[in-house]
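Worksheet: one structure, shown below.
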Amino acid sequence: MDMDYIDIGVNLLDSSFEEDRDEVIDRAFNSNVQILINTSSSMEDSVRSLNLAKKYPSKIFTTAGIHPHNASTGDNSLKESLTRMLQNDCMVAIGECGLDYFRNLSPKDKQLSVFKTHLEVAKETGLPLFLHQRDAHEDFTNCLNEVLDSPIHGVAHCFTGNIDQMNAYLDMGLYIGITGWICDERRNADLIKAVKHLPLDKVLIETDSPYLIPRSLKNVRRNEPMNLSIIAEKLADEMGIEHSQLANQSVINSKKLFNLSI
Ligand SMILES: [Zn+2]
């Protein structure tokens, strides 16, 4: 039997999809990926993402928010504009937001203030957070705990850490988003150990297309949401469960976290 999936993290506005975006989307739907949640990384992006979602009602949903790389673009009206944007039904999460001290493409203090604005909006709207963190674990958890009460409603998107980091997120109430990182034998050792202890009711799957091409795909220039089953299969193997069980449960979890009424 064919299984259904929800890809909770795709970057369909990436320039690599400019030429054939609708075909990529159709290929995903024809590969049993029934729903796509598009990731926005700036306020400009959020508007484009909203327009894309409106073209595919109940099939494409989106986030709204500013990626830490773009934190410099956050202005004084951010809280208001974000809150207004999120009133659209197809906007199901706040983000991707968080902290990235690996590249520091925006200054730290700006990253911190823009992240906190997103957290305040989460507190006021009750919408889930789509979270990004790299090399900033301590500040990241401090910000979350400072603004929000546990359990925190959100997902640690593209989780690539070890079991201690995973458990810290689970303790906060977060869901864990697993990408094709799990398929990369050069750097997946910690993650594989961690997912063996990942509770089934906290797992979400995502391709993060066009990034993170699963390593088994050769001669491919970009990742696509149709490849989600490759990630699901590998993850199910490492968690020691049936592929169908993982697929079903991750769909249930996605619908619950993002309150998808479909
Ligand atoms: Zn990300």
Strands (runs of 3 or more DSSP E) wholly inside the stretch 1-97 that include at least 3 residues being in contact with a Phe, Trp or Tyr (Cβ under 8 Å, 6 or more places away or on another chain) = 33-38
Could you figure out which of (1) under 15 Å from Leu257 (Cα atoms); (2) within 15 Å of the ligand (Cβ to nearest atom) isn't true of Met172?
-> (2)
Would you mind finding the one in Leu119, Leu105 that is of a type outside the set (Asp, Glu), more than 22 Å from Leu52 (Cβ to Cβ) and within 16 Å of the ligand (Cβ to nearest atom)?
-> Leu105
Only one of Ile213, Ile182, Ile176, Ile241 is part of a helix (DSSP H, G or I) and either in contact with a helix residue (DSSP H, G or I) (Cβ under 8 Å, 6 or more places away or on another chain) or at positive phi (or both); which?
-> Ile182
Filter the stretch 46-83 down to residues that are closer than 27 Å to Asn104 by Cβ and either surrounded by 23 or more Cβ atoms within 10 Å (Cβ to Cβ) or in contact with an Asp or Glu (Cβ under 9 Å, 6 or more places away or on another chain) (or both), then give me how many there are.
-> 17
Residues satisfying the stated conditions in the stretch 216-232, i.e. part of a helix (DSSP H, G or I) and touching a Cys at 6+ places or on another chain (Cβ under 9 Å) | Ile230, Ile231
What number of residues within the stretch 3-47 are among the β-branched types (Val, Ile, Thr) and away from the ligand (no atom under 14 Å from the Cβ)?
-> 6
Boolean, Thr160 is hydroxyl-bearing (Ser, Thr, Tyr), surrounded by fewer than 22 Cβ atoms within 10 Å (Cβ to Cβ), touching a helix residue (DSSP H, G or I) at 6+ places or on another chain (Cβ under 6 Å) and at negative phi = yes
Could you look through the stretch 124-143, keep only residues that are over 16 Å from Met91 (Cα atoms) and either of a type in the set (Phe, Trp, Tyr) or away from the ligand (no atom under 16 Å from the Cβ) (or both), and pick out the one that is surrounded by the fewest Cβ atoms within 10 Å (Cβ to Cβ)?
-> Glu138
Top-ranked residue in the stretch 32-45 [being under 14 Å from the mean Cα position of the chain (by Cα) and hydroxyl-bearing (Ser, Thr, Tyr); ranked as surrounded by the fewest Cβ atoms within 10 Å (Cβ to Cβ)] = Ser41
Would you be able to say whether some residue in the stretch 188-207 is within 24 Å of Asp22 (Cβ to Cβ), buried (at least 19 other Cβ atoms within 10 Å of the Cβ) and without any contact (Cβ under 8 Å) to a residue 60 or more places away in the chain?
-> no
When (1) within 15 Å of the ligand (Cβ to nearest atom); (2) over 17 Å from Asn11 (Cβ atoms); (3) without any contact (Cβ under 8 Å) to a residue 40 or more places away in the chain are applied to Asn70, the one that fails is (2)
Of Glu146, Glu120, Glu124, Glu96, which residue is at pLDDT 95 or above and farther than 19 Å from Leu82 by Cα?
-> Glu146
Right, Leu174: surrounded by 23 or more Cβ atoms within 10 Å (Cβ to Cβ) and either at pLDDT below 95 or more than 21 Å from Met239 (Cβ to Cβ) (or both) or not?
-> no
Checking Leu105 against (1) crowded, with 17+ Cβ neighbours inside 10 Å; (2) among the aliphatic types (A, V, I, L, M); (3) assigned to a loop (DSSP other than H, G, I, E, B), the condition it does not meet = (1)
With respect to Leu13, determine if the residue is crowded, with 24+ Cβ neighbours inside 10 Å, touching a helix residue (DSSP H, G or I) at 6+ places or on another chain (Cβ under 7 Å) and touching a residue at least 24 places away in the same chain (Cβ under 8 Å).
-> no
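The values are calculated or read from the model by the stated rules, or taken from the named source; none is laboratory data. Bear in mind the structure is a predicted one, so any value in this text is a computation, not a measurement. Neighbour counts run over all protein chains shown; Cβ positions are idealised from the backbone, glycine included.
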